[in-house]
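As structure tokens, the structure follows; a few thoughts come after it.
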Amino acid sequence: MPDAVPAPKGAHDKYDRLIAVARKHPPMATAVAHPCDTVSLESAVEAARLGLLKPILVGPPARILDVAARASLDIGAFELVESRHSHDSAAKAVELVCAGRAEALMKGSLHTDELMGAVVARDTGIRTARRISHCFVMDVPRHGEALIISDAAVNIAPSLEEKVDIVQNAIDLAHALGVDKPRVAILSAMETVNPRVASTVEAAALCKMADRGQITGGVLDGPLALDNAISPEAAAIKHIVSPVAGLANVLIVPDLEAGNMLAKSLSFLAGADAAGIVLGARVPIILTSRADSLLTRLASCAVAVLVAAARRASATAAIA
């Protein structure tokens, strides 16, 4: 597979600002599930060095210590919680959340479905009434602001009902990142409603649901094609007049395949970085990939810190 296009100098200033804002908050206690390779352990160590996270390493101690020694990573200050294998690591990381000892989960060197299996377990998991969904926060060179793209990793072919939660999760994330009124584009292959294209009908329904207060906190428009969602020129050519067209900072894709291809196209053709987070559970879940740069992995941690801080503020306001 060819390498991603190198980004121009200064291209990732959006992530730099994101990390700087997150560092203003206290380090967040985070259960790191099975950090048994260099990439995942390095992510936890560097996030702790920057004051983003207070990692609790969950995994077989001998393996973690061996990785740390081989990579010259100092983990002496971190708590280790012993587990037998990756599934056990996921379960015990979730237990730390249930016990109130961790405000976030972080994926280590286990498969995403192993971690998510523990998250959604009926009796021991940390699901809420909200549908769990994934968001990328993408730093695209030469694009003015970060783009939130959902859902490219969890929900394969979401129903309209599930898309309501996917949109709301993305809006709530935008608020946590400091966006007061997110501009949400519901994407399809076209900008007109076509009964033969289900995603256009669902886009129109989501916009009407927002009008009726069933989705709150953002401005929605759709269906929109990608070009007229993010390009003012393309929107003008199509004579689309709305507060979202050409100016969207949240992109809701029709299904996982579309989201995955969109995110990877931006990464490999435009040099974008994609910080990943899962929302809708009791705590934010940091998803990192071995292919991610260190900056991207740290940006994922920073996003989780800001989501947790927003939840604390919301809980405090509700009590008051």
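Here are the numbers for the structure shown:
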| read-out | value |
| --- | --- |
| Flag for Pro195 being surrounded by 17 or more Cβ atoms within 10 Å (Cβ to Cβ) and either under 29 Å from Ile237 (Cβ atoms) or outside the structural domain of Gly246 (by TED's automatic domain parsing) (or both) | no |
| Some residue of the range 136-151 being in contact with a strand residue (DSSP E or B) (Cβ under 9 Å, 6 or more places away or on another chain), among the β-branched types (Val, Ile, Thr), over 24 Å from Tyr15 (Cα atoms) and part of a loop (DSSP other than H, G, I, E, B) | no |
| One residue from Leu295, Leu262 being outside the structural domain of Val137 (by TED's automatic domain parsing) and either hydrophobic (A, V, I, L, M, F, W, C) or more than 30 Å from Ala121 (Cβ to Cβ) (or both) | Leu295 |
| Test for Ala31: is it in contact with a Lys or Arg (Cβ under 8 Å, 6 or more places away or on another chain), buried (at least 17 other Cβ atoms within 10 Å of the Cβ), modelled with pLDDT under 95 and not in a helix (DSSP H, G or I) | no |
| Residue check, Ala91 among the small types (Gly, Ala, Ser) and under 24 Å from Ala299 (Cβ atoms) | no |
| Sole residue being hydrophobic (A, V, I, L, M, F, W, C) and over 23 Å from Pro26 (Cβ atoms), chosen from Ala62, Ala99 | Ala62 |
| Filtered residue count, the range 127-185, keeping only those that are touching an Asp or Glu at 6+ places or on another chain (Cβ under 6 Å), charged (D, E, K, R) and within 20 Å of Lys208 (Cβ to Cβ) | 1 |
| Members of the range 231-244 found to be in contact (Cβ under 8 Å) with a residue 24 or more places away in the chain and either of a type in the set (Asp, Glu) or surrounded by 22 or more Cβ atoms within 10 Å (Cβ to Cβ) (or both), listed by number | Val244 |
| Pair list, Cβ < 6 Å and 6+ apart or interchain, from the range 48-66 residues that are crowded, with 16+ Cβ neighbours inside 10 Å to residues that are of a type in the set (S, T, N, Q) | Leu53/Thr30; Pro55/Thr30; Val58/Ser83; Val58/Ser89; Gly59/Ser83; Gly59/Ser89 |
| Condition met for Cys135 (surrounded by fewer than 19 Cβ atoms within 10 Å (Cβ to Cβ), hydrophobic (A, V, I, L, M, F, W, C), closer than 28 Å to Ala176 by Cβ and at pLDDT 95 or above) | no |
| Among the candidates Asp3, Asp88, Asp16, residue that is assigned to a helix (DSSP H, G or I), at pLDDT below 95 and among the acidic types (Asp, Glu) | Asp16 |
| Near pairs, Cβ below 6 angstrom, 6+ apart or cross-chain, from the range 178-189 (over 22 Å from Val307 (Cβ atoms)) to any residue that is of a type in the set (Gly, Ala, Ser) and surrounded by 18 or more Cβ atoms within 10 Å (Cβ to Cβ) | Ile186/Ala203; Ile186/Gly222; Ser188/Ser199; Ser188/Ala203 |
| Residue under evaluation Ser159, criteria (1) among the hydroxyl-bearing types (Ser, Thr, Tyr); (2) free of Cβ contacts under 8 Å to residues at least 24 places away in the same chain; (3) touching a strand residue (DSSP E or B) at 6+ places or on another chain (Cβ under 7 Å), criterion not met | (3) |
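The values are calculated or read from the model by the stated rules, or taken from the named source; none is laboratory data. All of these numbers come straight from a predicted model, not from anything done at the bench. Counting neighbours? That spans all protein chains shown, and the Cβs are built from the backbone with ideal geometry, glycine included.
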